[in-house]
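Engineer: Structure provided below as structure tokens; questions to follow.
The values are calculated or read from the model by the stated rules, or taken from the named source; none is laboratory data. A quick note: this is a predicted structure, and the numbers were derived from the prediction, not measured. Glycine also receives a Cβ, built like all others from the backbone with ideal geometry; neighbour counts cover every protein chain displayed. Protein only, heavy atoms only, side chains kept; ligands, DNA and RNA dropped before computing areas. Shrake-Rupley method; radii C 1.70, N 1.55, O 1.52, S 1.80 Å.
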Protein chains: 2
Amino acid sequence: MVNQGQPLDRVFQALADPTRRSMVERLVRGPAPVRELAQPFAMSLPAVMQHLQVLEACGLVRTEKVGRVRTCHIEPAGLRMAEDWLGDQRTGWERRLDRLGDHLTDHSEPEEGRPA
Amino acid sequence: MVNQGQPLDRVFQALADPTRRSMVERLVRGPAPVRELAQPFAMSLPAVMQHLQVLEACGLVRTEKVGRVRTCHIEPAGLRMAEDWLGDQRTGWERRLDRLGDHLTDHSEPEEGRPA
DNA sequence: GCAATAGTTAGGTACGTGGTTAACCAAGGG
DNA sequence: CCCTTGGTTAACCACGTACCTAACTATTGC
């Protein structure tokens, strides 16, 4: 429960970059070739390619080359993995708040770390 | 709509590290002093402090020092910000899938990028 | 086949990140 | 008052990341 580390590492790392997030935002509205993906960013093609590789390596994006054009699709499973982790933390937190409320109404116990 | 960059950058960056994610996972179950937070990780106190600072800088964690003890609480708003972004992308994607389905049943249009 | 287009590879640089050790300061406790 | 505990600061190092330019390959269109 404490260690499913690596894939999540890569996904969050990928999402930590504004360029890559923008790419994801764009790809969510439909697939696009590398060139179109690169257009809004004031940076060289190789730089864009690198970002793309990061996104692909962590499973957020899938690409396939048809003629000389590589088309990029988003892979929603990757996003969901991250969203799930976040959701788990939030629900864990909320559950804790509930339990804390119970204890307070029961014994007026002061707030502290793990009860065990 | 394409650039609310910086805070999200920092949050995802913070979550990209397994140590920091573990810390969040622990803090979700209740506040803890630095020492206890550091205990499960085979690394020096300063390293832990650094991670803590990252978490604090991006608003995921709030800390306060009482005697000589600094207690760390989680700050759920930070998690929610990230979760929201992820959710936006997912819904954007799902909406697109719906629209695509409509078009297909209507005009048998081939799938492509932005319709504008 | 020649030129333009789309992408790729190679190599290099500047900066950021994650860790270390050592020395230090500030409570508490005997 | 002295020692221990808890945290902090400083200085440093190894490695990774995010770009760049230049050169190259592979299609497509004329």
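Engineer: Go through the stretch A:20-37 and give me each residue that's more than 7 Å from chain B (Cβ to nearest Cβ) and either over 18 Å from the mean Cα position of the chain (by Cα) or surrounded by fewer than 17 Cβ atoms within 10 Å (Cβ to Cβ) (or both).
Structural biologist: A:PRO33, A:VAL34, A:ARG35, A:LEU37
Engineer: Filter the stretch B:67-94 down to residues that are among the charged types (D, E, K, R) and touching a Pro at 6+ places or on another chain (Cβ under 9 Å) and give me whichever is nearest to A:TRP85 (Cα to Cα).
Structural biologist: B:ARG90
Engineer: Give B:ARG68, B:ARG35, B:ARG62, B:ARG95 a once-over and let me know the one that is of a type outside the set (A, V, I, L, M) and touching an Asp or Glu at 6+ places or on another chain (Cβ under 6 Å).
Structural biologist: Testing whether each residue is of a type outside the set (A, V, I, L, M) and touching an Asp or Glu at 6+ places or on another chain (Cβ under 6 Å) leaves just B:ARG62.
Engineer: How many of the residues in the stretch A:1-40 are part of a loop (DSSP other than H, G, I, E, B), among the polar types (S, T, N, Q) and within 13 Å of DNA strand C (Cβ to nearest atom)?
Structural biologist: Residues that pass the stated criteria total 1.
Engineer: Tally up the residues in the stretch B:9-19 that are open to solvent by less than 20 Å² (accessible area, probe 1.4 Å) and at the interface with chain A (Cβ under 7 Å from one of its Cβ atoms), please.
Structural biologist: Adding up the residues that qualify gives 3.
Each row is one residue, and each column tells you yes or no for (1) outside any strand (DSSP E or B); (2) among the polar types (S, T, N, Q).
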| position | (1), (2) |
| --- | --- |
| A:ALA42 | yes, no |
| A:GLN50 | yes, yes |
| A:GLU56 | yes, no |
| A:GLY59 | yes, no |
| A:THR63 | no, yes |
| A:ARG68 | yes, no |
| A:ARG80 | yes, no |
| A:ASP84 | yes, no |
| A:GLN89 | yes, yes |
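Engineer: Quick one: in the stretch B:38-76, which of the residues that are within 13 Å of DNA strand D (Cβ to nearest atom), open to solvent by 80 Å² or more (accessible area, probe 1.4 Å) and closer than 14 Å to B:THR19 by Cα is nearest to the other protein chains (Cβ to nearest Cβ)?
Structural biologist: Among them, the one singled out is B:GLN39.
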